[in-house]
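Structure first, then comments.
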Amino acid sequence: MKEEHEVKPISGWLMLFVMIALIAVAVWMFVHLDENESNIWIPIVLMVLAILIAPGLVVVEPNGSSVLLLAGRYHGTIKESGFKWVNPFYSKRPISLRIRTLNGDKLKVNDLAGNPVEIAAIVVWKVKDTYEASFEVDDYVQYVTLQSETAVRHLASLYPYDAEGEEILSLRRNAEEVSAALQKELQERLQRAGVEVLEARLSHLAYAPEIASAMLRRQQAAAIIAARQKIVEGAVGMVEMALDRLEEYKKLTLDDERKAAMVSNLLVVLCSEHAAQPVLNTGTLYG
């Protein structure tokens, strides 16, 4: 398989000067032809040469290129910007080397758990190899668009939207890891088209509308349970600390029944959502 190779063309300004000079000489000779017209072929040849020079002039913009073909064969790529001249029989195919951004459409796909989600991605890319971009695929821009959509669909099926536990990667919580995986897969898919993926990130992620409300309630319930677990763990630690401190100073001796009552009261106070109301024991009415 052929690879891209860069050619160094002649300055276009030089050849433009030569073309103008040939035209000027040819016109002068036509004007000053004498009665002997045997030398009329000389200005004609000069005009033909000037006409042949003109198609070889080409302008290459900064971060642009021009692929050169002759009789269906690849002869190189001009990447140096400026006014250049090449073989006039070359056909020229301009290809931009500028960085481009693909803002993908929202796609409805199923995640690893089978939940329908809406997902979209932004891909930053540029052409790296003009030969592959020109001849390995039919339309490299359309190829990037279709392969990006395919990669996003495949990526969404590999991860759940959300997951319990730090060891499981999810689309919502592990954005950096998911974006890195998307960029790697895109680069593998677009390598054959001579395209370099500079960045790939998710731009939209949400549950599909038909399950959004149900999944929102599920997330709220999971958040409440997680918060309650933290509160209970903290309360148990505080109760253990209180009992240890009492036993350490030995200023108050409690039997098992009173310890159980104190633990119960402390847990109620610490785990309650509302401020605890103190109850004072003032003794009994009858001694």
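Any read-out appearing in this document is the output of simple, stated calculations on the displayed coordinates, not a laboratory observation. All values reported here derive from a predicted model rather than from experimental measurement. Note that we place each Cβ from the backbone using ideal geometry, even for glycine, and neighbour counts take in every protein chain shown.
See the values below:
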| item | result |
| --- | --- |
| Cross-link pairs Lys79/Lys106; Lys92/Lys126; Lys108/Lys230; Lys92/Lys184; Lys108/Lys128 - those with Cα-Cα distance over 24 Å | Lys79/Lys106; Lys108/Lys230; Lys92/Lys184; Lys108/Lys128 |
| Spacing of the two label points (7 Å from each Cα toward its C-beta) at Leu14 and Glu176, in nm | 5.3 |
| Residue-span extension gain [Leu243 to Ala120] - 0.36 nm each, minus C-alpha spacing | 38.8 nm |
| Geometric extent, Cα atoms of the range 151-191 - Rg, Dmax (angstrom) | 10.7, 36 |
| Value of Rg/Rh across the range 100-207 [Cα atoms, Kirkwood radius] | 1.02 |
| Sequence of Val152, Val48 once ranked by neighbouring C-beta atoms within 10 Å, starting from the fewest | Val48, Val152 |
| Residue-wise HN-Hα coupling along the range 133-139, computed from phi with Karplus coefficients 6.51, -1.76, 1.60 (Hz; x: Gly, Pro) | 5, 8, 10, 7, 10, 6, 9 |
| Residues with amide H under 5 Å from that of Ala208, placed H, sequence gap 5 or more | Val117, Glu118 |
| Residues whose placed amide H lies under 5 Å from that of Leu198, excluding near-sequence neighbours | Val124, Trp125, Lys126 |
| Overall dimensions of the range 1-140 by Cα: Rg and Dmax, Å | 24.5, 95 |
| Phe30/Arg98 FRET efficiency (R0 41 Å; Cβ-Cβ; nearest 0.05) | 0.30 |
| Magnitude of the charge dipole, the range 48-98, Cβ model with Lys/Arg +1 and Asp/Glu -1, debye to 20 | 140 |
| Convex hull volume of the range 76-122 per residue (C-alpha atoms, cubic angstrom) | 141 |
